[in-house]
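Enquirer: Sharing a structure with you now.
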Amino acid sequence: MDTDTKLKYLRTEKLPHIWCPGCGHGIILGALLKSFDKLGWEKNDIVVVSGIGCSGRTPGYIDANTLHTTHGRALAFATGIKMVNPALHVVVVMGDGDASAIGGNHLIHAARRNIDLTAIVFNNNIYGMTGGQYSPTTPFGAKASTAPYGNIEPNFDLVELAMGAGATYVARATSYHEAILEKYIQNALLHKGFSFIDVYTTCPTQFGRLNKIKSPIDNIFMLRDKAIMKSKAEKMSPEEIKGKVLIGEFRNDKEKREYTELYDEIIRRATKKEM
Amino acid sequence: MSNAKLVQGDIACAMGAIDAGCRFFAGYPITPASDIAEEMSKLLPMVGGKFIQMEDEIASMAAIIGGSLAGAKSMTATSGPGFSLKQENLGFAIMAEIPTVVVNVQRGGPSTGLPTLPSQSDMMQARWGTHGDHEIIAIIPYTVEEVYYETIRAFNLAEMLRTPVILLMDEVIGHMSENFKRPDKSKIEIINRKFPTKTPEEYFPYDENEGLVPPLAPFGKGYRYHVTGLAHDKTGFPSTHEESVKRLMERMRDKILNNRAIIDKCDIRKEGNEEIGIFAYGSSARTSIEAIDNLKEKGIDVALMRPVTIWPFPKEQLLEFAKGLKKIVVPEMNFGQIVGEVKKYLSDDVEIIPLNKYTGRLITPEEIVDKILEG
Amino acid sequence: MKLEIRLCGFGGQGLILASKLLSQAAIIDGKIATQYQTYGAQVRGGTVKGDVVISDKRIDHPTVIKPDMLVIMSQDAYKKYGNFVKDDGIIITDPFYVKGIEREHIEVPFYETVKEELHSTLPLNMMIISFLAKYTNTVSEESIKKAVLEKIPPHTVEINTKALEIGAEFGEKFKK
């Protein structure tokens with residue numbers, strides 16, 4: 001049943017995928033495909049947009065309208081699509097470099113506008129495809145191919161970033177907690193406005209290798225061990241939370257007006273010649 | 001009494017875009033192109049179109065590619081610094097073959113340069129600004145009226161050939177106002193992109209069997225396909241297969257070069273008795289025409305070649321124009337970007353005389369007259 | 001006929017709008033006109049100029065090189081543009097704003113006049129274009145009025161119309 005569901009939205013002829021054994025990207029893709037099915041969305045109405053890197057290859061495997069753009073710019077391309085045809089369901093998948101380094105500006109502004117896009121960050125704390133360079137989400141002290149002595153940059157908390165910028169649905173899950181991830185993706189897809197999910201995931205080939213987390217399964221256990229549900233963390237002391245990653249739904253605001261709807265009002269006023 | 005009105009160049013560009021059917025504009029404020037964005041923000045919602053001011057120039061270019069893929073004729077407008085920022089995504093539009101119109105109202109550079117003063121120093125950036133081998137269409141109008149009609153033509157070419165088209169203005173052409181009468185809509189030729197005739201199952205977005213310009217289905221109309229900036233095969237999916245890359249590159253090149261008949265546009269004013277010619281474009285061409293009139297009063301006949309389409313370069317037209325001429329003066333508001341092209345195609349029989357000004361001021365008719373009289 | 005007019009002063013005097021209205025009026029009269037402006041980075045208060053070319057036939061070189069008529073409305077503008085005028089060109093200044101001009105010029109008290117007669121300096125630019133239209137005999141009074149009325153908000157019609165009338169009177173007066 002589960003396999004059939006995933007296959008329904010997959011371009012099976014494009015398999016096998018390019019991702020390494022132990023990579024979490026496939027799990028996120030699977031959760032997305034199952035969510036489409038649960039919601040009963042028509043393939044023709046779905047647009048999936050990506051940037052560059054391992055996550056950038058995701059749309060290629062999805063049987064929908066798919067667009068693989070330039071590095072960091074997926075949200076800006078998606079904004080154009082959504083503006084012109086608000087009836088389309090537009091999902092944007094990005095890596096941590098895409099979303100928070102080269103495309104950080106687009107992330108905060110898409111969030112601020114509250115345009116109805118669903119942004120999913122495949123956050124493996126590293127630039128995987130280019131060889132393991134440190135990203136804005138690489139933890140302090142972690143090793144990367146461009147941080148051989150350890151990373152001295154504080155890392156971004158993407159949930160805080162998205163909330164600060166005004167996103168109206170914000171959640172974090174991991175590729176280990178698949179059921180939770182799927183639920184959040186569905187909530188995000190149904191949300192009218194800018195929805196954002198930070199998905200903490202693995203890159204055994206780069207992050208694991210450089211940080212002595214050897215086997216793929218150890219990388220997956222890292223997610224299990226580091227993640228704490230937000231509700232649970234609220235009852236814990238700061239010392240206990242230190243070094244952990246909080247997962248959960250952080251915001252679900254249904255009040256703020258959505259951008260394309262507001263623009264439709266502009267059109268109504270302009271056609272009636274009201275300034 | 002006349003029906004004409006005083007209209008600014010940038011405003012004529014916006015009017016042309018609306019009349020061409022542009023329904024999506026994404027931009028970022030920059031002098032001297034902001035007037036285009038301002039006018040589009042007012043006009044677009046009146047016709048059911050959409051305007052968005054993006055967070056930066058890069059995003060503006062990205063958004064119009066998205067808008068065009070979703071089915072709307074789309075445009076952005078900028079000036080030098082913004083044009084630099086747009087280059088990567090301009091290349092994406094070339095590679096993915098997404099019709100878009102990119103306006104660059106040229107100002108003095110490099111860098112922030114001379115924001116309120118004209119130049120023609122992005123001529124080569126228009127040609128080679130984005131990385132990788134490619135052909136490009138660039139148009140450079142010389143009057144407010146021509147801005148209007150050439151904006152429409154830019155959309156027509158973009159939609160017909162599934163490619164970005166660059167409209168080059170300069171600060172004077174953008175900011176000046178002059179007589180213009182917006183024509184009756186029935187008098188304008190509008191060309192829309194080809195919609196697939198095949199079923200979704202048979203459709204390929206880059207199908208070579210559909211000729212040099214395969215039809216483009218808008219997202220959401222039942223034709224599910226993949227678009228990427230990677231080299232791709234007819235399906236749109238990435239391919240590094242040598243034969244497939246070769247065919248893609250050559251088709252993208254040939255769809256421009258084999259369609260010169262519809263792309264090229266040249267204004268040639270030559271009686272046949274002239275020994276001197278001027279090769280000029282944009283506002284420098286206006287100055288040249290005044291200089292030619294002044295020289296005629298002195299008994300010197302001078303011919304003019306004014307390319308309206310500057311890229312691809314009008315090589316054949318230049319060879320024809322140069323026949324019988326002993327020298328050709330090339331006035332440009334730059335160090336001599338186009339004179340290099342003129343020299344490239346002409347033999348040593350014709351003396352090529354550059355006349356360059358790079359101070360943010362228009363070349364004056366007197367300077368052209370002097371150049372011709374002195375040598 | 002080809003007449004090149006330059007209005008220069010500081011931002012906020014309405015000179016660029018004035019140059020546009022003058023050109024539009026010429027077009028209403030059936031003439032060919034171009035208009036172009038130069039300004040600095042300052043949004044308000046910097047030196048500005050509005051250039052107008054009016055002709056019976058096609059205008060090629062789009063901007064003014066050396067004006068036939070140079071209207072100077074600030075000391076800074078005088079410093080910047082005061083020397084660029086045709087040999088037989090006419091310089092017009094407002095003595096309220098510009099002092100110490102050595103070369104031949106005509107002083108027209110635009111500022112003091114609108115202030116006294118209309119108790120407002122806002123329609124200063126309207127008085128200037130109406131003055132120029134009459135003084136140069138290139139643009140009709142009706143077309144000036146038409147161009148202005150198309151552009152201004154209704155509650156300013158009265159005061160602007162008055163400014164146009166005063167400008168025309170002065171234009172006539174200063175002609176000889």
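Enquirer: Out of the residues in the stretch A:225-247 meeting the condition of being open to solvent by 50 Å² or more (accessible area, probe 1.4 Å) and among the small types (Gly, Ala, Ser), tell me which one is farthest from A:His191 (Cα to Cα).
Expert: Across the stretch A:225-247, the extreme among qualifying residues is A:Gly243.
Enquirer: Tell me yes or no: at least one residue of the stretch B:165-178 is at positive phi and in the same structural domain as B:Ile65 (by TED's automatic domain parsing). Don't jump to the end; show me each part of the working.
Expert: Restricting attention to the stretch B:165-178, the residues satisfying the condition of being at positive phi are none.
Scanning the stretch B:165-178, I find no residue that is at positive phi and in the same structural domain as B:Ile65 (by TED's automatic domain parsing), so the answer is no.
Enquirer: Could you check the stretch C:56-87 and list, in sequence order, the residues that are among the aromatic types (Phe, Trp, Tyr) and either at pLDDT below 95 or under 24 Å from B:Ile368 (Cα atoms) (or both)? Break it down into steps so the answer makes sense when it comes.
Expert: Just the residues of the stretch C:56-87 that are among the aromatic types (Phe, Trp, Tyr), to begin with: C:78, C:81, C:84.
C:Tyr81, C:Phe84, listed by residue number.
Enquirer: Suppose we filter the stretch B:169-187 for residues that are surrounded by fewer than 16 Cβ atoms within 10 Å (Cβ to Cβ) and in a loop (DSSP other than H, G, I, E, B); how many remain? Walk me through how you get there before you give the answer.
Expert: Residues of the stretch B:169-187 surrounded by fewer than 16 Cβ atoms within 10 Å (Cβ to Cβ): B:181, B:183-187.
Then keep just the ones that are in a loop (DSSP other than H, G, I, E, B); that gives B:181, B:183-184.
So the answer is 3.
Enquirer: Just checking, which of C:Tyr97, C:Tyr78 is farther than 29 Å from B:Thr143 by Cα and part of a loop (DSSP other than H, G, I, E, B)? If you could, list the steps in order and put the result at the bottom.
Expert: Details: C:Tyr78 fails: part of a loop (DSSP other than H, G, I, E, B).
After ruling out the rest, the residue left standing is C:Tyr97.
Enquirer: Would you pick out the residues in the stretch B:78-95 that are buried (at least 21 other Cβ atoms within 10 Å of the Cβ), in contact with a Ser or Thr (Cβ under 7 Å, 6 or more places away or on another chain) and not β-branched (Val, Ile, Thr)?
Expert: The answer is B:Ser79, B:Lys86, B:Asn89, B:Leu90, B:Phe92, B:Ala93.
Enquirer: List the number of the failed condition for B:Val102; all other conditions in (1) touching a helix residue (DSSP H, G or I) at 6+ places or on another chain (Cβ under 6 Å); (2) touching a residue at least 40 places away in the same chain (Cβ under 8 Å) hold.
Expert: (1)
Enquirer: Does B:Pro205 satisfy being open to solvent by 20 Å² or more (accessible area, probe 1.4 Å), over 24 Å from the mean Cα position of the chain (by Cα) and under 22 Å from A:Tyr9 (Cβ atoms)?
Expert: Numbers: open to solvent by 20 Å² or more (accessible area, probe 1.4 Å): no; over 24 Å from the mean Cα position of the chain (by Cα): yes; under 22 Å from A:Tyr9 (Cβ atoms): yes.
No; evaluated as a whole, the condition is false for this residue.
Enquirer: Restricting to the stretch B:211-222, name every residue that is open to solvent by 50 Å² or more (accessible area, probe 1.4 Å) and either modelled with pLDDT under 95 or closer than 16 Å to A:Asn65 by Cα (or both). Don't jump to the end; show me each part of the working.
Expert: First pass over the stretch B:211-222, keeping only residues open to solvent by 50 Å² or more (accessible area, probe 1.4 Å): B:212, B:221.
Answer for the stretch B:211-222, where residues must be open to solvent by 50 Å² or more (accessible area, probe 1.4 Å) and either modelled with pLDDT under 95 or closer than 16 Å to A:Asn65 by Cα (or both): just B:Lys221.
Enquirer: Within the stretch A:18-62, can you find the residues that are within 14 Å of chain B (Cβ to nearest Cβ), open to solvent by 20 Å² or more (accessible area, probe 1.4 Å) and farther than 23 Å from A:Ser215 by Cβ?
Expert: A:Trp41, A:Glu42, A:Lys43, A:Asn44, A:Asp45, A:Ile52, A:Arg57
Enquirer: If I filter the stretch C:105-117 for residues that are assigned to a loop (DSSP other than H, G, I, E, B) and surrounded by 20 or more Cβ atoms within 10 Å (Cβ to Cβ), do I get at least one hit? Explain how you work it out, then say what you get.
Expert: At the first step, the residues of the stretch C:105-117 found to be assigned to a loop (DSSP other than H, G, I, E, B) are C:105, C:108-109.
With the extra rule that they be surrounded by 20 or more Cβ atoms within 10 Å (Cβ to Cβ), the set shrinks to C:108.
Scanning the stretch C:105-117 turns up at least one residue that is assigned to a loop (DSSP other than H, G, I, E, B) and surrounded by 20 or more Cβ atoms within 10 Å (Cβ to Cβ).
Enquirer: Restricting to the stretch B:223-244, give me the number of residues that are within 9 Å of chain A (Cβ to nearest Cβ) and either hydroxyl-bearing (Ser, Thr, Tyr) or open to solvent by less than 20 Å² (accessible area, probe 1.4 Å) (or both). Before you say what the answer is, go through the steps one by one.
Expert: The first filter runs over the stretch B:223-244 and keeps only residues within 9 Å of chain A (Cβ to nearest Cβ), leaving B:223-230, B:236-238.
Filter again for either hydroxyl-bearing (Ser, Thr, Tyr) or open to solvent by less than 20 Å² (accessible area, probe 1.4 Å) (or both), leaving B:223, B:225-228, B:236.
Selection size over the stretch B:223-244: 6.
Enquirer: A further question follows. Go through the stretch A:63-93 residue by residue and tally those that are small (Gly, Ala, Ser), at the interface with chain B (Cβ under 7 Å from one of its Cβ atoms) and outside any loop (DSSP other than H, G, I, E, B).
Expert: Residues that pass the stated criteria total 3.
Enquirer: Test of understanding: among C:Phe96, C:Phe84, which residue is within 20 Å of C:Phe174 (Cβ to Cβ), surrounded by fewer than 24 Cβ atoms within 10 Å (Cβ to Cβ) and hydrophobic (A, V, I, L, M, F, W, C)? Steps first, answer last, please.
Expert: Details: C:Phe84 fails: within 20 Å of C:Phe174 (Cβ to Cβ).
Being within 20 Å of C:Phe174 (Cβ to Cβ), surrounded by fewer than 24 Cβ atoms within 10 Å (Cβ to Cβ) and hydrophobic (A, V, I, L, M, F, W, C) holds for just one of C:Phe96, C:Phe84, which is C:Phe96.
Enquirer: Further, regarding this structure: May I ask you to list the residues in the stretch A:147-184 that are of a type in the set (Phe, Trp, Tyr) and open to solvent by 20 Å² or more (accessible area, probe 1.4 Å)? Before you say what the answer is, go through the steps one by one.
Expert: Restricting attention to the stretch A:147-184, the residues satisfying the condition of being of a type in the set (Phe, Trp, Tyr) are A:149, A:156, A:169, A:176, A:184.
Answer for the stretch A:147-184, where residues must be of a type in the set (Phe, Trp, Tyr) and open to solvent by 20 Å² or more (accessible area, probe 1.4 Å): A:Tyr149, A:Phe156, A:Tyr176.
Enquirer: A:Asp96 is checked against (1) more than 21 Å from A:Pro16 (Cα to Cα); (2) facing chain B (nearest Cβ under 7 Å) and fails just one. What number does that condition carry?
Expert: (2)
Enquirer: To continue, here is another question. State yes or no: is A:Thr201 open to solvent by less than 60 Å² (accessible area, probe 1.4 Å) and touching a His at 6+ places or on another chain (Cβ under 7 Å)? Let's see the steps before the verdict.
Expert: Numbers: open to solvent by less than 60 Å² (accessible area, probe 1.4 Å): yes; touching a His at 6+ places or on another chain (Cβ under 7 Å): yes.
Considered against the rule, which asks whether it is open to solvent by less than 60 Å² (accessible area, probe 1.4 Å) and touching a His at 6+ places or on another chain (Cβ under 7 Å), A:Thr201 comes out as yes.
Enquirer: Let me ask something else about it. Can you find, within the stretch C:1-27, the residue that is farthest from B:Ala4 (Cα to Cα) among those that are open to solvent by 10 Å² or more (accessible area, probe 1.4 Å) and at the interface with chain B (Cβ under 9 Å from one of its Cβ atoms)?
Expert: Among them, the one singled out is C:Lys20.
Enquirer: For B:Met75, work out the one condition from (1) crowded, with 24+ Cβ neighbours inside 10 Å; (2) more than 8 Å from chain A (Cβ to nearest Cβ); (3) touching a Leu at 6+ places or on another chain (Cβ under 8 Å) it doesn't fulfil.
Expert: Among (1) crowded, with 24+ Cβ neighbours inside 10 Å; (2) more than 8 Å from chain A (Cβ to nearest Cβ); (3) touching a Leu at 6+ places or on another chain (Cβ under 8 Å), B:Met75 violates only (3).
Enquirer: Please state which of the following conditions B:Thr116 fails to meet, knowing it meets all the rest: (1) part of a helix (DSSP H, G or I); (2) surrounded by fewer than 21 Cβ atoms within 10 Å (Cβ to Cβ); (3) touching a strand residue (DSSP E or B) at 6+ places or on another chain (Cβ under 9 Å).
Expert: Result: B:Thr116 passes all but (1).
Enquirer: Let me ask something else about it. Are there any helices (runs of 4 or more DSSP H) wholly within the stretch B:258-375 with 1 or more residues that are touching an Asp or Glu at 6+ places or on another chain (Cβ under 9 Å) and either surrounded by 20 or more Cβ atoms within 10 Å (Cβ to Cβ) or at pLDDT below 95 (or both), and if so which? Break it down stepwise before answering.
Expert: On the way: elements: B:260-263, B:283-297, B:315-322, B:339-345, B:365-374.
Result: B:283-297, B:315-322, B:339-345, B:365-374.
Enquirer: Have a look at B:Ile328, B:Ile352, B:Ile338, B:Ile368 and point out the one that is in contact (Cβ under 8 Å) with a residue 60 or more places away in the chain and either at positive phi or over 21 Å from the mean Cα position of the chain (by Cα) (or both). It would help to see each step written out before you state the result.
Expert: Details: B:Ile328 fails: in contact (Cβ under 8 Å) with a residue 60 or more places away in the chain; B:Ile352 fails: in contact (Cβ under 8 Å) with a residue 60 or more places away in the chain; B:Ile338 fails: either at positive phi or over 21 Å from the mean Cα position of the chain (by Cα) (or both).
Only one candidate qualifies: B:Ile368.
Enquirer: Looking at (1) in contact (Cβ under 8 Å) with a residue 60 or more places away in the chain; (2) in a helix (DSSP H, G or I), find the lone condition where B:Ile166 falls short.
Expert: Just one mismatch for B:Ile166, condition (2).
Enquirer: Tell me, which helices (runs of 4 or more DSSP H) lie completely within the stretch A:188-246 with 2 or more residues that are in contact (Cβ under 8 Å) with a residue 24 or more places away in the chain? Lay out the reasoning, then the answer.
Expert: Working: elements: A:216-226, A:230-233, A:238-241.
Those helices (runs of 4 or more DSSP H) span A:216-226.
Enquirer: If you don't mind, there's one more thing I want to ask. Does A:Phe250 qualify as being of a type in the set (Phe, Trp, Tyr), closer than 27 Å to A:Gly104 by Cα and open to solvent by less than 20 Å² (accessible area, probe 1.4 Å)? Explain how you work it out, then say what you get.
Expert: On the way: of a type in the set (Phe, Trp, Tyr): yes; closer than 27 Å to A:Gly104 by Cα: yes; open to solvent by less than 20 Å² (accessible area, probe 1.4 Å): no.
No.
Enquirer: So, of the residues in the stretch C:36-81 that are of a type in the set (Asp, Glu) and within 14 Å of another protein chain (Cβ to nearest Cβ), which turns out to be surrounded by the most Cβ atoms within 10 Å (Cβ to Cβ)? I'd like the intermediate steps shown before the answer.
Expert: At the first step, the residues of the stretch C:36-81 found to be of a type in the set (Asp, Glu) are C:51, C:56, C:60, C:68, C:76.
Retained after the next criterion (residues that are within 14 Å of another protein chain (Cβ to nearest Cβ)): C:51, C:56, C:60.
Working: C:Asp51: 23, C:Asp56: 11, C:Asp60: 21.
Among those residues, the one meeting the criterion is C:Asp51.
Enquirer: Would the stretch B:250-269 turn up any residue that is touching a residue at least 24 places away in the same chain (Cβ under 8 Å), farther than 24 Å from B:Glu145 by Cβ and either hydroxyl-bearing (Ser, Thr, Tyr) or within 12 Å of another protein chain (Cβ to nearest Cβ) (or both)?
Expert: The first filter runs over the stretch B:250-269 and keeps only residues touching a residue at least 24 places away in the same chain (Cβ under 8 Å), leaving B:251-260, B:262-269.
Now restrict to residues that are farther than 24 Å from B:Glu145 by Cβ: B:251-260.
Then keep just the ones that are either hydroxyl-bearing (Ser, Thr, Tyr) or within 12 Å of another protein chain (Cβ to nearest Cβ) (or both); that gives none.
Scanning the stretch B:250-269, I find no residue that is touching a residue at least 24 places away in the same chain (Cβ under 8 Å), farther than 24 Å from B:Glu145 by Cβ and either hydroxyl-bearing (Ser, Thr, Tyr) or within 12 Å of another protein chain (Cβ to nearest Cβ) (or both), so the answer is no.
Enquirer: Name the strands (runs of 3 or more DSSP E) wholly inside the stretch B:2-68 in which the number of residues that are within 13 Å of another protein chain (Cβ to nearest Cβ), open to solvent by less than 20 Å² (accessible area, probe 1.4 Å) and closer than 19 Å to B:Phe219 by Cα is 3 or more. Spell out how you get there, then give the answer.
Expert: Numbers: elements: B:5-8, B:22-27, B:50-53.
Filter on the stretch B:2-68 gives B:22-27.
The values are calculated or read from the model by the stated rules, or taken from the named source; none is laboratory data. All figures in this text were calculated on a predicted structure; none of them were measured in a lab. Glycine gets a Cβ as well: all are built from the backbone with ideal geometry, and neighbour counts include every protein chain shown. For the accessible areas, the whole protein counts, side chains as well, though only heavy atoms, and no ligand, DNA or RNA atoms are used. Shrake-Rupley method; radii C 1.70, N 1.55, O 1.52, S 1.80 Å.
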